[in-house]
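Notes for the one structure printed next.
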Amino acid sequence: MTKELSIVIVGAGMYVCGRGTPGFGTILPAVYEWHRRGWRGALYVAGTRTEGARVLREKVEGLNVLYGATLQPIYLPDSQDDARAFETAINVAPRPACAVIAVPDHLHTSVARQTIGAGFHTLVVKPLAPTSAEIEQLIAAQDAAGVYCAVELHKRLDRSNLMLKDTIRSGRIGDPLYVIVEYSQRRCIPQEQFRRWAANTNVFQYLGIHYVDIINDATGATPARVTATAQKRWLASHGVDTYDAVQALVEWRLPDGGSFSSSILTNWIDPNTTSAMSDQRIKVVGTRGRYEADQKSRGITIVTDDGGIEEPNPDFCAIYQDASGRQSVRGYGIDSVVQFLDDAAQVEAGQASVSALTDRPTFVSQVAPTAVIEAVNASLAADGRWVPVTLARPTLSIAG
């Protein structure tokens, strides 16, 4: 299928193009991969600062060489900083058909409501929003506009988690009894990359949401109540007013009336010298067995003078060369964005309906995970007391 539609990316940071890193990020390489598979159209990138335009152009030059492509994104703002540049991108011609939003957590709702209101199929990086009220607003906006909307929850496509889902749903380990998740990242993320807005989020809603979504999707369970504790020491002492670590205990109810608990332990103050950007592990214990996955140590270790010891994840987002010598960026991070673009193109062409895409990480699928975020934040504010999880009941009536 030839894909001819224009795309607007809102945001120009690390996840979009690798700003502040030697890499290319994830979203921009995914667009290049889609281009390699047949996409043609205009690409707009809306940021807030002209410095972002300079970095973006450097990354584009590198990706054009890598892919043998000639893409030339149109960057807004171009001549002076503009905090509302994305509003200009909404009104450009040729009109974008879809938007990919990668802005700080607390801006997701305001930006997404505008792209949806403009009639764009919209992908938002996780978490979709920190409150249930915002989720209801976004789903109502989607319903009114009749567009396709999804959340960039790439860990759903991690083969380790796909196997986890199959193992649970097949009944091989019986009924879940408890889940333990440990997920952390290097301190450079809040201290450097997200320093300007880290105080507007916390590590549980930024990282932990991945595994709340995985548990919810794999088990079909409903969160019932939450208790959470957190520590604020290292980052606060370095001028970043957010938690170093958050630990959340979630009690879940299964469709058959049974229950299990999940302990999700998160931090983002790992030393910058640790062997991988993300350290992630999950264990699920059931009545007939267990599933354990070390999603950091994937069997590869690289040791160099310059880089020290590294344990790369070959499955997330990495550059590979095929037999003909052609290079491309591959992995489940790429697949997550490409899946949305494929879906949006098919909906736009009338070849798929929004109502048929229920197995995707849609806005509606985030009702329960967002309610957990909200309950965790409420528990933290109440010194760790148990907080019941209240689920919103939004409706999505669009069929096209």
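Here GLY68, GLY13, GLY20, GLY38 are screened, and the one residue that is surrounded by fewer than 18 Cβ atoms within 10 Å (Cβ to Cβ), under 18 Å from PHE194 (Cα atoms) and touching a residue at least 24 places away in the same chain (Cβ under 8 Å) is GLY20. Restricted to helices (runs of 4 or more DSSP H) entirely inside the stretch 19-122, those with at least 1 residues that are among the polar types (S, T, N, Q) and more than 18 Å from the chain's Cα centre (by Cα) are 50-67, 85-90, 108-117. Here VAL329 passes the criteria (1) in contact with a Pro (Cβ under 8 Å, 6 or more places away or on another chain); (2) part of a loop (DSSP other than H, G, I, E, B); (3) over 30 Å from GLN247 (Cα atoms) except the one numbered (2). Out of the residues in the stretch 362-380 meeting the condition of being closer than 18 Å to ASP244 by Cα and touching a strand residue (DSSP E or B) at 6+ places or on another chain (Cβ under 9 Å), tell me which one is surrounded by the fewest Cβ atoms within 10 Å (Cβ to Cβ). Residue satisfying both the conditions and the ranking: ALA378. The residue of the stretch 132-187 that is farthest from ARG298 (Cα to Cα), among those that are in a loop (DSSP other than H, G, I, E, B) and touching a helix residue (DSSP H, G or I) at 6+ places or on another chain (Cβ under 8 Å), is GLY146.
Across the stretch 163-196, which residue is nearest to ASP217 (Cα to Cα) among those that are surrounded by fewer than 14 Cβ atoms within 10 Å (Cβ to Cβ) and of a type in the set (Lys, Arg)? Among those residues, the one meeting the criterion is ARG169. Scanning the stretch 308-323 for residues that are part of a loop (DSSP other than H, G, I, E, B) and either touching a Phe, Trp or Tyr at 6+ places or on another chain (Cβ under 7 Å) or within 18 Å of CYS17 (Cα to Cα) (or both) turns up ASP315, PHE316, CYS317. In the stretch 197-299, counting only strands (runs of 3 or more DSSP E) that sit wholly within it, the ones holding 3 or more residues that are within 22 Å of the chain's Cα centre (by Cα) span 245-253, 259-270, 278-286.
On the stretch given as the stretch 199-238, residues that are closer than 17 Å to THR131 by Cα, buried (at least 20 other Cβ atoms within 10 Å of the Cβ) and of a type in the set (Gly, Ala, Ser) total 2. A single entry from LEU396, LEU380 fulfils the requirement of being part of a loop (DSSP other than H, G, I, E, B) and either in contact (Cβ under 8 Å) with a residue 60 or more places away in the chain or closer than 27 Å to LEU162 by Cα (or both): LEU396.
Just so you know, all these numbers are worked out from the coordinates, no wet-lab data involved. Predicted model only: the values in this text are computed from it and were never measured. Here Cβ is always computed from backbone atoms with ideal geometry, including for glycine, and neighbour counts include all displayed protein chains.
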